[in-house]
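The values are calculated or read from the model by the stated rules, or taken from the named source; none is laboratory data. Bear in mind the structure is a predicted one, so any value in this text is a computation, not a measurement. FYI the Cβ positions are ideal-geometry reconstructions off the backbone, even for glycines, and counts take in every protein chain you see.
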């Protein structure tokens, strides 16, 4: 089976465009490069954040993202958020409503950008995202499992997608999945032996979201993880794209 021609709608939750400080020669940095990479493997579209929002200024990077991706309807914006107190981005409720209107999502980098996920710092942000129904994406290297558990406990109606995990996380993930039905994992570097199959059997395919982490990583590995998993065709379609479309309010 050629993965990209499998009949699945591949919708990517984890990509980035824009220049950053230390790219490798083979990595794309612009929208054309992203679209070419998606087209090469049969990915229809997905969420994209901007490197400037990650590495320098969330406000500037978010605006650059909108400007650079406006011509391509397959790209959904993934805005980088900050807590509201320093007034670097719009007030939380307005920010969340703008994200929802843009059919986008929010990603946070609390470790890199030096803020706390606890409610005394970021509670208003998480409340606003929850009220607007905006998915929150967080890399496990940016907020550990205790921080993620705190976000979920304080904001149980907020969909959370944990990105770029690894194969030894099940003893953390399973207790959280039992308690919080809106916790999701990126099906990419999460790769225990038969891990996809086990999550589907224990919690349902709705808890897994396909992502590539391009341009840092390549698409073939995560696509194979989903395409060759021993799950039903219906569950495979949910993981490949249906779950993310549902969270973004774009039901198939």
Open item on the list: Among the numbered criteria (1) more than 23 Å from residue 7 (Cα to Cα); (2) modelled with pLDDT of 95 or more; (3) surrounded by fewer than 21 Cβ atoms within 10 Å (Cβ to Cβ), which one does residue 168 miss?
Closed with: (2)
Open item on the list: For the condition within 30 Å of residue 114 (Cβ to Cβ) and touching a helix residue (DSSP H, G or I) at 6+ places or on another chain (Cβ under 7 Å), what is the one hit in 231, 138, 169?
Closed with: 138
Open item on the list: I'd like the full set of residues that are touching a residue at least 12 places away in the same chain (Cβ under 8 Å) and surrounded by fewer than 19 Cβ atoms within 10 Å (Cβ to Cβ), limited to the stretch 205-226.
Closed with: 206, 216, 217, 220, 221, 224
Task: Scope the stretch 39-51; condition crowded, with 18+ Cβ neighbours inside 10 Å and under 13 Å from residue 240 (Cβ atoms); matching residues - done: 41, 43, 45, 46
Open item on the list: What's the number of the only condition in (1) closer than 21 Å to residue 128 by Cα; (2) in contact with a helix residue (DSSP H, G or I) (Cβ under 6 Å, 6 or more places away or on another chain); (3) assigned to a helix (DSSP H, G or I) that residue 157 fails to meet?
Closed with: (3)
TODO: List the number of the failed condition for residue 29; all other conditions in (1) outside any helix (DSSP H, G or I); (2) without any contact (Cβ under 8 Å) to a residue 24 or more places away in the chain hold.
DONE: (2)
TODO: Select, from 175, 181, the only residue that is out of contact with any helix residue (DSSP H, G or I) (no Cβ under 7 Å at 6 or more places or on another chain), outside any loop (DSSP other than H, G, I, E, B) and either surrounded by fewer than 20 Cβ atoms within 10 Å (Cβ to Cβ) or in contact (Cβ under 8 Å) with a residue 24 or more places away in the chain (or both).
DONE: 175
- [ ] Residues being in contact with a helix residue (DSSP H, G or I) (Cβ under 8 Å, 6 or more places away or on another chain) and either farther than 17 Å from residue 35 by Cβ or not in a helix (DSSP H, G or I) (or both): count how many of those fall in the stretch 214-223.
- [x] 4
